[in-house]
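K.L.:
Quick one: structure below, then a few questions.
Just so you know, all these numbers are worked out from the coordinates, no wet-lab data involved. Since this is a predicted model, take the numbers as computed values, not measurements. Here Cβ is always computed from backbone atoms with ideal geometry, including for glycine, and neighbour counts include all displayed protein chains.
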Amino acid sequence: MNRSESLNELRDSDQWDIVIIGGGASGLGAAVDAAKRGYKTLLLEKNDFAKGTSSRSTKLVHGGVRYLQNGDISLVIEALKERGIMKRNAPQLVKDMSFIIPFYDWWNSPFYGLGLKVYDMMAGKMGLGPSTLLDKKETVELINNVKQEGLRGGVIYHDGQFDDSRMAITLALTASKLGATLINYVEVTGLLKKNGLITGLEVLDHESEERYTIKNKVVINATGVFSDRIVKLDQPESQPMIRPSQGVHLVLERAFLDGPHAIMIPHTSDGRVLFAVPWHDHVVVGTTDTPIDYADEEPKALEDEIAFILSNASQYMTKKPKKEDVKSVFAGLRPLAAHQGDSMQTKEVSRHHKVNVSTSGLISVLGGKWTTYRKIGEDTIDTAVLVGGLKEQKCKTKKLLLHGYDEDTQIDDPLHVYGSDRHKILSMGTPEDNESMSNKFYITKNLVLWAVKHEMSIHIEDVLARRVRCLFLDAKETLKIAPKVAKIMASTLQKDDQWIAKELNKFNTITQNYIL
């Protein structure tokens with residue numbers, strides 16, 4: 001991916017078949033699908049790819065045990081199928097993770113025993129492993145700090161885990177390789193219409209302040225929690241279609257979870273489930289479900305959310321985590337499809353996606369979850385073909401191997417998320433360029449150069465938050481290495497000391513949101 005070349009394509013193109021607004025899971029999934037079918041595809045992202053919700057998940061590729069408990073069978077079946085497809089098409093990014101669920105009521109035992117057998121059965125040949133019931137002694141042995149009062153036993157089941165923003169970049173690279181044009185830091189500022197139908201877009205490049213007019217056959221609004229802002233450009237009087245819900249995660253050192261298993265706490269004090277999941281040699285603990293009235297590009301964790309996670313997690317982890325133990329905290333907003341006139345709590349709102357079409361032809365993707373990104377893309381492009389009057393082509397992504405596909409990848413290798421690109425990264429520069437600049441996580445000069453030269457990173461945050469996950473792992477340590485990263489980027493991008501100072505100041509401000 002090369003931003004300058006993409007901007008040239010934007011300037012030179014007379015008309016696009018499909019223009020996608022939004023560079024998160026849904027938008028990138030749609031771009032891959034559209035490009036694979038042969039449509040002339042453009043994707044525009046106001047910030048950076050996966051800047052919002054798509055980099056702030058619990059890092060799970062799962063069918064959703066809770067959805068099974070709620071009786072949402074169709075979503076579970078769809079998600080389990082897509083989980084298998086994602087693992088098959090990107091084995092370098094998706095791995096098996098075993099989860100332990102402790103239970104305290106006899107009535108829970110049949111559900112977690114029989115229910116998870118049904119979960120396994122639904123996964124079919126794409127299952128990751130059979131669930132197994134545990135007695136009280138076995139549960140205590142596996143979860144050292146588990147609350148033993150009232151403990152009846154537990155169960156082990158299997159789901160998937162991935163690195164969300166690395167998956168997003170992989171999808172962007174895949175779409176680009178298939179012929180799509182993708183550009184970050186370009187905002188859609190207006191919709192052009194003829195006879196009441198959308199025929200084009202007005203856009204602003206935030207890096208150069210240059211404005212462009214684009215002609216297209218169909219426009220897809222895949223901006224997640226910000227969908228209503230694009231809808232308002234189309235229909236100013238429209239009612240909100242998205243109900244944002246905030247989910248907060250805390251990141252701790254690996255020692256707080258002794259053993260290879262993740263923990264799923266089935267009943268927290270607010271009735272949700274809570275996960276403690278090993279990730280990049282750390283532990284991600286979350287999440288919360290807090291209704292939010294306004295979608296912020298930099299959502300902030302609330303004190304009550306932090307206290308809730310620490311309180312519930314301390315009953316199950318090997319060490320009881322305290323506020324000062326938190327290495328990073330991040331908040332994401334779920335783009336839940338709103339129920340008009342419905343006062344349901346967000347934890348009960350369906351995670352099913354919807355594809356909505358306005359009278360002017362604007363297609364809006366609402367709701368959904370990372371695991372089903374491919375199916376969301378398929379449904380969205382099927383709709384776009386009809387709305388845009390495009391030549392019909394069937395979806396071809398079910399068996400599409402994603403960029404960097406490597407079935408022999410070693411998950412313990414810090415470069416495993418790059419798949420087949422790993423060797424190219426290691427061969428850049430000198431051997432010293434592959435030495436980590438930190439002893440807290442793995443980040444090298446070559447990884448920074450790769451992010452800038454091949455993954456369209458143009459700001460420090462792009463590299464340290466999403467291309468490499470430093471900011472999500474240890475925020476204070478990330479601040480220490482940011483000046484080194486800035487100098488490497490400035491040299492490659494031909495920027496001066498003033499650019500470095502401005503970037504560091506902006507990055508320092510953002511980083512404060514990740515530090516307790």
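K.L.:
Take the Cα gyration tensor of the range 42-181, multiply each eigenvalue by 5, square-root it, and list the three semi-axes largest first, rounded to whole angstrom.
P.N.:
Ellipsoid half-lengths, sorted descending, are 35, 16, 13 Å.
K.L.:
Taking θ as phi - 60°, what are the ³J(HN,Hα) couplings along the range 426-441 by the Karplus curve (6.51, -1.76, 1.60), each to the nearest whole Hz, with x for Gly and Pro?
P.N.:
5, 8, 6, x, 9, x, 5, 6, 9, 8, 5, 7, 9, 9, 9, 7
K.L.:
Turning to a different aspect of this structure: For the chain, give me the percentage of DSSP beta bridges that are antiparallel, rounded to the nearest 5 percent.
P.N.:
Roughly 75 percent of the DSSP beta bridges within the chain come out antiparallel.
K.L.:
Taking only Cα atoms, what is the 0 to 90° angle, nearest 10, from helix 3-12's long axis to the longest principal axis of the chain?
P.N.:
In the chain, helix 3-12 runs at an angle near 40 degrees to the longest axis.
K.L.:
Past the 22 Å Cα-Cα mark, which pairs from Lys453/Lys484; Lys81/Lys177; Lys46/Lys232?
P.N.:
Beyond 22 Å between Cα atoms: Lys81/Lys177.
K.L.:
Calculate the FRET efficiency for Asp12 and Leu386 from the Cβ-Cβ distance with a Förster distance of 25 Å, rounded to the nearest 0.05.
P.N.:
0.30
K.L.:
Which FRET efficiency, nearest 0.05, do Lys476 and Lys136 yield, Cβ-Cβ r, R0 51 Å?
P.N.:
0.80
K.L.:
Based on a Kirkwood Rh over C-alpha pairs, give the Stokes-Einstein translational diffusion coefficient of the range 427-514 at 4 °C and viscosity 1.567 mPa s in µm²/s.
P.N.:
For these conditions, the coefficient is 101 µm²/s.
K.L.:
Kindly give Rg over Rh for the range 226-348, based on alpha-carbon atoms, with the Kirkwood expression for the hydrodynamic radius.
P.N.:
1.06
K.L.:
Also, quick follow-up: Specify the angular offset, from 0 to 90 degrees and rounded to the nearest 10, of the alpha carbon long axis of helix 497-511 from the longest principal axis of the alpha carbons in the chain.
P.N.:
40 degrees
K.L.:
So, one more: At 7 Å along Cα-to-Cβ for each site, give me the label-to-label distance between Lys424 and Glu297 in nm.
P.N.:
That separation, rounded to one decimal, is 3.0 nm.
K.L.:
Can you compute the helix-only [θ] at 222 nm over the chain? Use -39500 (n - 2.57) per DSSP H run of at least 4 residues, normalise by all residues, nearest 500 deg cm²/dmol.
P.N.:
-9500 deg cm²/dmol
K.L.:
Mind listing the long-range amide H neighbours of Trp16? Cut-off is under 5 Å, sequence gap 5 or more, other chains count too, H placed in the peptide plane at 1.01 Å from N.
P.N.:
Residues meeting the criterion, in which the H sits 1.01 Å from N, are Lys215, Asn216, Lys217.
K.L.:
Among Asp408, Asp120, which comes first, then next, by fewest other beta-carbon atoms within 10 Å?
P.N.:
Asp408, Asp120
K.L.:
Using the count of nearby Cβ atoms within 10 Å as a rough guide to exposure, how do Asp234, Asp413, Asp289 rank from fewest to most?
P.N.:
By the 10 Å Cβ count, ascending: Asp413, Asp234, Asp289.
K.L.:
Kindly state, as a whole number, the per residue volume in cubic angstrom of the convex hull around the alpha carbon atoms of the range 398-464.
P.N.:
116 Å³
K.L.:
Among Asp406, Asp412, rank each residue by its count of other Cβ atoms within 10 Å, from fewest to most, as a rough exposure measure.
P.N.:
If I rank by nearby Cβ atoms, fewest first, I get Asp412, Asp406.
K.L.:
Over the Cα atoms of the range 183-224, each weighted equally, I'd like the Debye log10 I(q)/I(0) at q = 0.15, 0.21 Å⁻¹, rounded to two decimals.
P.N.:
-0.38, -0.70
K.L.:
To continue, here is another question. In degrees, nearest 10, range 0 to 90: what is the angle between the Cα axis of helix 25-37 and the longest Cα principal axis of the chain?
P.N.:
The helix 25-37 is inclined about 60 degrees to the chain.
K.L.:
Okay, next question. Stokes-Einstein diffusion coefficient for the chain at 25 °C in a medium of 0.890 mPa s, Rh from the Kirkwood formula over Cα pairs: what value in µm²/s?
P.N.:
104 µm²/s
K.L.:
Also, I was wondering about something else. Over what distance in Å are the Cα centres of the range 446-470 and the range 253-313 separated?
P.N.:
26 Å
K.L.:
Rounded to two decimals, what is Rg over Rh for the range 1-100 when you use alpha-carbon atoms and the Kirkwood radius?
P.N.:
That ratio equals 1.06.
K.L.:
Then there is this: May I ask you to evaluate 6.51 cos²θ - 1.76 cosθ + 1.60, the Karplus curve with θ = phi - 60°, for each residue of the range 51-65 and list the ³J(HN,Hα) values in order in whole Hz, giving x for glycine and proline?
P.N.:
Result, rounded to whole Hz: 4, x, 3, 6, 10, 10, 7, 7, 6, 10, 10, 9, x, x, 4.
K.L.:
Right, another one. Using a simple spin-label model with points 7 Å from Cα along the Cα→Cβ vector, what separation in nm is obtained for Arg88 and Ile73?
P.N.:
Here the answer is 2.3 nm between the modelled labels.
K.L.:
Something else about it: Give the separation of the Cα centroids, the range 177-220 to the range 495-516, in Å.
P.N.:
29 Å
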